[in-house]
Amino acid sequence: MPPRGFKAADWADKPEDVCNAADQPLYKTAELRWSRPTIWAKEQRLPKFDTDEPFLYALIRNHGNSQTRDHIEYIGLTKAPKTRFGNHKKAKAIVNKRGSVKFSYAPVDFIRGRNRIERIGRALEEIEHLLIWAVPDHLENEKKQFTLPGMGKNGANAWHIKNSGYRFSGWMPREIIFPWMLMRARPDQTAK
């Protein structure tokens with residue numbers, strides 16, 4: 001829902017209909033299929049996952065005094081899962097807090113063909129940045145919270161991200177369309 005007084009610009013009916021002059025879709029499409037969270041116990045060195053492919057992940061913490069469930073504490077990405085979590089100080093600090101911590105991950109299913117992704121690593125960074133901004137929880141991420149997605153030195157792609165699988169009790173958005181444009185109209189004075 002846009003802020004009061006604003007409406008979305010009329011670019012097209014669907015993100016896939018927004019094209020450049022060569023009739024190529026401008027929005028890159030990616031689907032994240034989130035796994036059912038598993039407990040990451042304090043004594044475990046690594047969380048449980050069953051892939052060597054790069055993926056995005058979320059740490060979810062629940063404790064006895066929380067008013068809500070599935071509180072997302074951290075969103076991250078790894079290009080090398082076997083080595084990432086052995087020395088991940090922030091993740092271990094979250095795991096060592098009071099309460100239980102669960103781990104969910106999502107390998108990225110990029111849409112191929114005429115809307116393909118050229119640089120997977122950069123694409124993962126962009127998607128992680130968008131998730132950090134889109135999740136309505138207060139995250140413990142230290143990076144990517146103080147600049148808007150796409151405002152770094154490399155710019156960014158336009159994205160249509162679809163989240164499926166585990167729903168995080170509604171904390172994870174179903175879809176993210178970035179960028180889109182909001183406008184606040186002036187009073188219409190065109191009538192004669």
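Does segment 166-184 contain at least one residue that is acidic (Asp, Glu), at pLDDT 80 or above and within 24 Å of ASP50 (Cα to Cα)? Among the residues of segment 166-184, not one is acidic (Asp, Glu), at pLDDT 80 or above and within 24 Å of ASP50 (Cα to Cα), which makes the answer no.
Evaluation of ARG84 against the conditions (1) at pLDDT 80 or above; (2) exposed (fewer than 15 other Cβ atoms within 10 Å of the Cβ); (3) not hydrophobic (A, V, I, L, M, F, W, C) shows that the sole unmet condition is (2). If I filter segment 8-50 down to residues being surrounded by 17 or more Cβ atoms within 10 Å (Cβ to Cβ) and small (Gly, Ala, Ser), which single residue comes out as nearest to ARG167 (Cα to Cα)? The qualifying residue nearest to ARG167 (Cα to Cα) is SER35.
A Cβ distance below 7 Å, combined with a sequence gap of six or more or placement on separate chains, defines the contacts here; from segment 73-90, residues that are within 18 Å of ARG61 (Cα to Cα) reach residues that are of a type in the set (S, T, N, Q) in the pairs TYR74/ASN141; ILE75/ASN141. If you go through segment 55-84 and pick out every residue that is among the hydroxyl-bearing types (Ser, Thr, Tyr) and in a strand (DSSP E or B), you end up with 3. Going through PHE178, PHE168, PHE146 one at a time, which residue ends up being at positive phi and hydrophobic (A, V, I, L, M, F, W, C)? Within the list PHE178, PHE168, PHE146, the selection yields PHE168.
Just for segment 178-192: of the residues that are surrounded by fewer than 16 Cβ atoms within 10 Å (Cβ to Cβ) and touching a residue at least 24 places away in the same chain (Cβ under 8 Å), which one is farthest from the chain's Cα centre (by Cα)? Looking at residues that are surrounded by fewer than 16 Cβ atoms within 10 Å (Cβ to Cβ) and touching a residue at least 24 places away in the same chain (Cβ under 8 Å), I get ALA185. Across segment 1-54, the number of residues qualifying as touching a residue at least 60 places away in the same chain (Cβ under 8 Å), part of a loop (DSSP other than H, G, I, E, B) and over 20 Å from the mean Cα position of the chain (by Cα) comes to 8.
The values are calculated or read from the model by the stated rules, or taken from the named source; none is laboratory data. It should be emphasised that the depicted structure is a prediction, and the values quoted were computed from it without experimental measurement. Neighbour counts run over all protein chains shown; Cβ positions are idealised from the backbone, glycine included.
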